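Read the structure below first, then the notes.
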Amino acid sequence: MEHTTEHIIYLLSKSKLEGLSYEEQLQLDSWRLNAASNREVCDMLDNKEMLDRDLKGLYAYDWEASFETFEQEHLSAPKLFSLLEGFGRMESLQY
């Protein structure tokens, strides 16, 4: 039985959207019984209140502000230049 991450995600999605064939359900059940963490994933997906709360949290998250913060903290030119200066590579830059 196939237990790759992609296949399990496919089975989990299909089980919620359209239902599984008998064989697919056996595969998902086998994966679920394989580990406690797998059962926890299934239980979380079956808990509609928790899933709804998590989806609302994702929807409310300000992705643009988060990316701007990341960009300022990690992708800013001054930090790059100071890093290059630290390695003595500023003189090799072509302007």
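Details
- FRET efficiency for the pair HIS3 and ASP46, taken as 1/(1 + (r/R0)^6) with r the Cβ-Cβ distance and R0 = 25 Å, rounds to 0.80.
- Additional length obtainable on full extension of the chain from SER30 to TYR10, 0.36 nm per residue less Cα span: 5.7 nm
- Estimated vicinal HN-Hα couplings, Hz - the stretch 40-47 in sequence order (Karplus 6.51, -1.76, 1.60; Gly, Pro = x): 4, 4, 4, 5, 5, 5, 7, 7
- Cβ-derived FRET efficiency at R0 22 Å, LEU17 paired with LEU58, nearest 0.05: 0.75
- Stretch gain in nm, segment PHE67-ARG39, where the contour uses 0.36 nm per residue and the Cα spacing is subtracted: 6.7 nm
- From most to least packed by mean Cβ count within 10 Å, the peptides 66-72, 24-30 give 24-30, 66-72.
Laboratory data are not the source of any read-out in this text; all were calculated from the coordinates shown. Only a predicted model underlies this, so the values are computations on that prediction, with no experimental measurement involved. Note that we place each Cβ from the backbone using ideal geometry, even for glycine, and neighbour counts take in every protein chain shown.
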